[in-house]
Amino acid sequence: MTLLMTSIACSITTAAAACPVGDPPTASDAPPAAAAATTPSETTPPAGPLAPRNFISSEQLQDRIIALANAAPTRSTVSQIGVSRDGLPIQVVTLGDPDLTRKRPEVLLIGGMDAVNLGSPEQAFTAAMQLVREHPTMLDEVRVHVILCANPDARTMALQAGLPRATNTRRIDHDRDGRIDEDSPEDFNGDGVITLMRRVAPPGSVATHIVDAANPRIVRSANRDKSEVATHQTMLEGRDLDGDGLVGEDPATGVDLDRNFPHRWPEFDLDAGPFPLSEPETIAIAKFVRDHPAIVSALIFGRHDTLAEFPDTKDKDSTNRTPMVYLEADHALYRELSKAWRETTKLEKSNNADLAGSLVLWLANHRGIAAVAANGWTRPDVPAVPEGSPAPATIATGDDEQQAWIDLCYRLYESPGFVEWTRNQHPRFGAVEVGGFMPFLRESPTASQAEVLAKKSAPFLKTLADKLPEINVSEISMTDLGGGLARIGLRITNRGDFPTTTEMGRITGVVPPIVVRVGVAPNDVLAGRAVEKIDRLAAHEARDFEWTVRMPPDGKLSLTVRGAFFDDIVREARPAGEAANATTSTRALSTSSNSTVHTSNSPVSASKEVTP
């Protein structure tokens, strides 16, 4: 049932499904303080109706893609990287220099990996649009790949059914009875919403919850320390259409994309897929990342979060080689990003989800990309009571979190967030009560809240882009040793706040190294290597190289520096007194002694850079 609850009705998975079982209390049994609605404080932004109302569809997100591209018409391209299982397009907007032969550091920005938090596409769109409008010159320096909705099928189904949905539309036999999708949750009492059912556990069955004595709306686990004994059972609202004694255990759900990536793939969970990257959506993303080795950093908006509260764990799996979250050697980098997120957005708390099989961990641990996940949504604070109004009565319950959500239901939201428990006669189980928290209440912001959250989180993309690695190459130093020999030297510096790859990227070896080539025949390199490789340059780290070479007859020698995220840099040593040659490079020239390779407008000294 855990799998089912996660993929079908996430609104009932937290706080013991936030709904009790047993002889449930009716609306008249509820404490008066909770039952009466209170006008929100004038200083509290209106929450608006609960999700999915007022959220745009997968098809309407195409208009956002067009708007984003039109905001930078000369520096944007739109391409399709794949299609969903139901055939909907998965598109990416690339912002930056459209000439892809020119290499730039790249950032991957993704939203809509699921339809649990419906606000994530809005966060991705707002962040990208703010970068385009407020920092347009940054697009000369970096490229940003934006995927607004990576799981369009989930969004379509969630908006149609009115239920949070983490999965695509692959058909799965959840209860392994040889039939597929034969027992989905159902609104059997006809109130227009699928919530929970609760009942007193029949003799001989296992009770799992109790009804809170102080507030019978709350169903929670029994507190053994207080000698409480469970009395009730909870289940999804439905009919048990296949007659196996379970309700809603074989719904029309598929694979959770954020559990289908290779890192810590949960192989025994049906919603993780039959094998890693089994889904058309995940393989499309994986191929895109593979084909773009210049991606240095990634920001994934969704139900995961590694920024508001840094996952400071050094644990590894049973092999003692694979980090459960981030490699310990990279913690300083990710802590700095977490600090930057909190300072930039003022968001210090967030909902989260299990990271096993997630996109962010695959990017970080398999691809060597500095990848972070951002959510930012959590339970809002209960609005302050307007001055002069009587304070509502406080209720000491056995579950403060559920009680806080119930208070919010009646004091903040424009539409009901809690369905009062009502008695019904179930065709299989007899007397039950149906009710509990509304779907989406605790999993997703409303459309109004999502807009506010998107504006808060948007500036972080600029902060991330500012930290990208920045390669500086010195001029060649040369000492004449006589007899046609010379000692030459070069310094390569990373002036950025990011390393050229994470330490995990260096270990996996998937990130192309920086390569330094001496422009003479290998036999003419008498000391040093004709080809040097730099697997990783830390932030602000410099690396010095020195060679003894037999100089060419004309006394000219070149050194070429090549990397995945910058154009080739060529430095030339010439006989004393010879003027620097003009270059045919597409990059600008200057007479400075050093050049920084980060943008197409970076100054370059009396040397040349050649686009490969």
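The values are calculated or read from the model by the stated rules, or taken from the named source; none is laboratory data. As the structure is a prediction and not an experimental result, all values here were calculated from the model. Every residue, glycine as well, gets a Cβ built from its backbone with ideal geometry; the counts of neighbours run over all protein chains shown. For the accessible areas, the whole protein counts, side chains as well, though only heavy atoms, and no ligand, DNA or RNA atoms are used. Shrake-Rupley method; radii C 1.70, N 1.55, O 1.52, S 1.80 Å.
Before we move on, is residue 97 assigned to a loop (DSSP other than H, G, I, E, B), open to solvent by less than 40 Å² (accessible area, probe 1.4 Å), farther than 30 Å from residue 408 by Cβ and touching a residue at least 40 places away in the same chain (Cβ under 8 Å)?
Working: assigned to a loop (DSSP other than H, G, I, E, B): yes; open to solvent by less than 40 Å² (accessible area, probe 1.4 Å): yes; farther than 30 Å from residue 408 by Cβ: yes; touching a residue at least 40 places away in the same chain (Cβ under 8 Å): yes.
It is true that residue 97 is assigned to a loop (DSSP other than H, G, I, E, B), open to solvent by less than 40 Å² (accessible area, probe 1.4 Å), farther than 30 Å from residue 408 by Cβ and touching a residue at least 40 places away in the same chain (Cβ under 8 Å).
Give the residue that is nearest to residue 114 (Cα to Cα), with candidates limited to residues of region 301-339 that are open to solvent by 70 Å² or more (accessible area, probe 1.4 Å) and acidic (Asp, Glu).
Per the criteria, the residue is 309.
Matching residues to (1) over 18 Å from residue 356 (Cα atoms); (2) assigned to a loop (DSSP other than H, G, I, E, B); (3) not β-branched (Val, Ile, Thr):
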residue: 264; (1), (2), (3): no, yes, yes
residue: 271; (1), (2), (3): no, no, yes
residue: 275; (1), (2), (3): no, yes, yes
residue: 281; (1), (2), (3): no, no, yes
residue: 284; (1), (2), (3): yes, no, yes
residue: 297; (1), (2), (3): yes, no, yes
residue: 300; (1), (2), (3): no, no, no
residue: 307; (1), (2), (3): no, yes, yes
residue: 314; (1), (2), (3): no, yes, yes
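Out of all the residues in region 47-74, which are open to solvent by 50 Å² or more (accessible area, probe 1.4 Å) and either in contact with a Ser or Thr (Cβ under 9 Å, 6 or more places away or on another chain) or of a type in the set (Phe, Trp, Tyr) (or both)?
The answer is 53, 54, 59, 70.
Which of the following residues is at pLDDT 95 or above, in contact with a helix residue (DSSP H, G or I) (Cβ under 8 Å, 6 or more places away or on another chain), within 24 Å of residue 283 (Cα to Cα) and outside any strand (DSSP E or B): 364, 371?
After ruling out the rest, the residue left standing is 364.
What pairs come up if the first residue lies in region 144-160 and is touching a residue at least 24 places away in the same chain (Cβ under 8 Å) and open to solvent by 10 Å² or more (accessible area, probe 1.4 Å), the second is of a type in the set (A, V, I, L, M, F, W, C) and assigned to a helix (DSSP H, G or I), and their beta carbons are under 7 Å apart, counting only those six or more places apart or on different chains?
149/61
Report those strands (runs of 3 or more DSSP E) wholly inside region 120-239 carrying at least 1 residues which are at pLDDT below 90, of a type in the set (A, V, I, L, M, F, W, C) and under 15 Å from residue 433 (Cβ atoms).
By residue number, 232-236.
Residue-by-condition table, conditions (1) open to solvent by 50 Å² or more (accessible area, probe 1.4 Å); (2) in contact with a strand residue (DSSP E or B) (Cβ under 6 Å, 6 or more places away or on another chain):
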residue	(1), (2)
347	no, no
364	no, yes
368	no, no
388	yes, no
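Quick check on residue 466: is it free of Cβ contacts under 8 Å to residues at least 24 places away in the same chain, farther than 26 Å from residue 190 by Cα and charged (D, E, K, R)? Step through it out loud before you land on a result.
Numbers: free of Cβ contacts under 8 Å to residues at least 24 places away in the same chain: no; farther than 26 Å from residue 190 by Cα: yes; charged (D, E, K, R): yes.
So residue 466 fails the test.
In region 466-518, which strands (runs of 3 or more DSSP E) lie fully inside it and hold 1 or more residues that are open to solvent by 40 Å² or more (accessible area, probe 1.4 Å)?
Ranges flagged: 477-482, 485-494, 514-518.
Can you report the number of residues in region 442-464 which are buried (at least 23 other Cβ atoms within 10 Å of the Cβ) and not hydroxyl-bearing (Ser, Thr, Tyr)?
Here the count works out to 9.
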